Structures are given as C-alpha cells and as structure tokens.
1. In region 223-232, what count of residues is obtained for those that are in a loop (DSSP other than H, G, I, E, B) and among the β-branched types (Val, Ile, Thr)?
2. Ala167 fails exactly one of the following numbered conditions: (1) at pLDDT 90 or above; (2) not in a loop (DSSP other than H, G, I, E, B). What is the number of that condition?
3. Restricting to region 23-46, give me the number of residues that are under 17 Å from Ala64 (Cα atoms) and either at pLDDT below 85 or surrounded by fewer than 18 Cβ atoms within 10 Å (Cβ to Cβ) (or both).
4. Cβ-Cβ below 8 Å, separation at least six or inter-chain, first residue in region 240-265 and assigned to a loop (DSSP other than H, G, I, E, B), second of a type in the set (Lys, Arg): which pairs?
5. In region 91-110, is there at least one residue being of a type in the set (Ser, Thr, Tyr), open to solvent by 50 Å² or more (accessible area, probe 1.4 Å), touching a residue at least 24 places away in the same chain (Cβ under 8 Å) and over 21 Å from Ala217 (Cβ atoms)?
6. What is the one condition in (1) at pLDDT below 95; (2) in a loop (DSSP other than H, G, I, E, B) that Asp235 does not satisfy?
7. Name every residue in region 200-215 that is assigned to a strand (DSSP E or B) and either open to solvent by 50 Å² or more (accessible area, probe 1.4 Å) or not small (Gly, Ala, Ser) (or both), in order of residue number.
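The values are calculated or read from the model by the stated rules, or taken from the named source; none is laboratory data. From a predicted model like this one, the values you see are computed outputs, not experimental measurements. We place every Cβ from the backbone using ideal geometry, glycine too, and count neighbours over all the protein chains shown. Please note that ligands, DNA and RNA were not included when accessible areas were found on the heavy atoms of the full protein model with its side chains. Shrake-Rupley method; radii C 1.70, N 1.55, O 1.52, S 1.80 Å.
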Amino acid sequence: MVSVISTVDTGHEDMIHDAQMDYYGCRLATCSSDRSVRIYDVKNGTQTLAADLRGHEGPVWQIAWAHPKFGNILASCSYDRKVIIWKETSGQWVKFYEYSNHDSSVNSVCWAPHDYGLILACGSSDGSISILSATAAGGWEAKKINNAHTIGCNAVSWAPAIGPNAAFDSSTGTRTAPVKRFVSGGCDNLVKVWREDKEWVEEAKLEGHSDWVRDAAWAPSIGLSRTVIASCSQDRRVILWTNDGVSSSWNQRVLHTFEDVVWHVSWSVTGNILAVSGGDNKVSLWKETVEGQWVCISDVNRGKGSTPGQQ
C-alpha cells in the first residue's frame, strides 16, 4: 500500500506547479505561480527552507535537477519566456545562466543523461524546442528546433543513454555510443521522437491522442531491447508507445481512460512502475504483470493512500 509519509508547507503564495527531489533525495525544489522557486533540505521527515530563488517575472511551470556530478544545479522555466539555470556556489544559490530566446511561455525543461554532458531541452508555447549545452569554456551553446509542434510544445523527456540490448551485449571496448534522442508532446495532439544527426531531426511522429498532449516520459532502460514512452493528454487517456529496438515502428496501447484531463506521467527509476496524475486530484500507480497486462496497484486521492479494492 502507498501512503503519504509527509506533507510540506512550502510557504508559496500561489498554486504550486512542480515539485522535484534531487538525485540523493535530500533536497526538494518547488515552483509556483508566485514567480518563485524554493529549495528545502529534507531530513528525518522535516523540511527546512534553504533558498528562495527570485528571477522569473511570471508563473514558474517546471523545474529539473541536473546530475550531481556537475554540482548542485537546478533549471526552471516560466511563462515569462525565460529559462534560468541556478547553481549553488559556496552555500549560496545564484543565477548561473539565463536563456531568453523563446517568443512565448517555456513549459518544460529536462536534463539529458549525464553521460552526454550538461545538456538541457526546453519546450515552448512558441512551438519550438531549444537544446542548451554547457561548453568547455564555461559558456552555453543553444540549438533550436523551430516548428517542432504546431501551436506549442508542452513536454520534453530524454531517452536513456543505454542502447537497446546493452544487458546482453558481450562485446568489450567496441560498444557503439548511444544516439541522443528525446521525446516531446504538443498542442498538435502529437508525440514526437527526435534524434541528433549533426542537427536534430524528427525520427517518429506518434499519432493517437485526440487533444493536447500534456506530458510525455521516456522510460528508464535496464538494457533490454524494448523501449517504452508514456504520454498523457487532455483527451483523458494515457498511451504507452513501444518500440522493439529493431524496427522503426512504434506500437500504441491505451493504458487507461481517466475521468478527467491527465496532466503528468512519471516512471520509477527501474522503469517498471508508472505514476499518473490528473484533474481528478488522484495519483495512481501502474505496473505491468508477467502476462503483459498493466494494472493499477495504488490510487492516492487527496493525500490518502489506498490500494484498489481496499476500503
């Protein structure tokens, strides 16, 4: 059974849009329509405010922690069309870099696997996706995919840096480096897979949703051949897209049709449990059985944990 172990009084003065734990689970970052990003130290069930970051001029939609090998770095994106990368230096959080080359709200930020370096994807309502890469000289290089999604891009998520069948690859020293890929979801009802081939190119266009795609999440890999992407939409559905690692085609399967719009999907670290949250104020957890069926294993409603069938 899943149960709520603690509740955080963030002190935000408006709606909270995102909350993310860091790599070690010791820090919690939150962002809000009050234009702030807050960082808390989490220890023994208590939370202590460590930083209140002010720099955005509109609601802050999403935040993302970078891998700790690069230091304590947090990215945030906002309705103000800006992406801000924050860094902790000598115990103080400062603005590390600010990117303001979008023409509309920036809705999603996601760090690439650390194997590739310090790289951030940003999806915007102007329909474009920016890829920001830290350079050896200490600066930042930006590439942009224009017209990635008609009307706007709502979500970006990187593919893992582990190639298909890595768990069974017995070759040593000759393994081919995985190709950089990420998935995006947009207001054109589409889910798209992008691949770096000198420039970023559209590798696949996944059609299945009948309304805006609100989130897309690429499942972590444990080295098996199968690749899975989850997407959710205002059409109240979550779709699982599967690629066998050999062909270029993606098979779709509706996980479930919910009672209200579905806002977010998130995978467990091992990629075998999917969390879904939506307008019905519920968070449900889904797991694949050995027979290949996806079942709901937990349903958390307004802060109370319950397991399906349990009163």
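1. 0
2. It fails just one condition, (1).
3. Total satisfying the criteria: 6.
4. Sorted first by the residue in region 240-265, then by its partner, the pairs are Asp244/Arg226; Gly245/Arg226; Phe258/Arg236; Phe258/Arg237; Glu259/Arg236; Asp260/Arg236; Val261/Arg214; Val261/Arg236.
5. For region 91-110, residues of a type in the set (Ser, Thr, Tyr), open to solvent by 50 Å² or more (accessible area, probe 1.4 Å), touching a residue at least 24 places away in the same chain (Cβ under 8 Å) and over 21 Å from Ala217 (Cβ atoms): present.
6. (1)
7. If the condition is that a residue be assigned to a strand (DSSP E or B) and either open to solvent by 50 Å² or more (accessible area, probe 1.4 Å) or not small (Gly, Ala, Ser) (or both), then Trp200, Val201, Glu202, Glu203, Lys205, Leu206, Glu207, Val213, Arg214, Asp215 are the ones that fit.
Matching residues to (1) assigned by TED's automatic domain parsing to the domain that holds Ile5; (2) touching a His at 6+ places or on another chain (Cβ under 9 Å); (3) open to solvent by less than 40 Å² (accessible area, probe 1.4 Å); (4) modelled with pLDDT of 90 or more:
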{"site": "Ser266", "(1), (2), (3), (4)": "no, no, no, yes"}
{"site": "Ile273", "(1), (2), (3), (4)": "no, no, no, yes"}
{"site": "Gly279", "(1), (2), (3), (4)": "no, no, yes, yes"}
{"site": "Ser284", "(1), (2), (3), (4)": "no, yes, yes, yes"}
{"site": "Gly292", "(1), (2), (3), (4)": "no, no, yes, no"}
{"site": "Lys304", "(1), (2), (3), (4)": "no, no, no, no"}
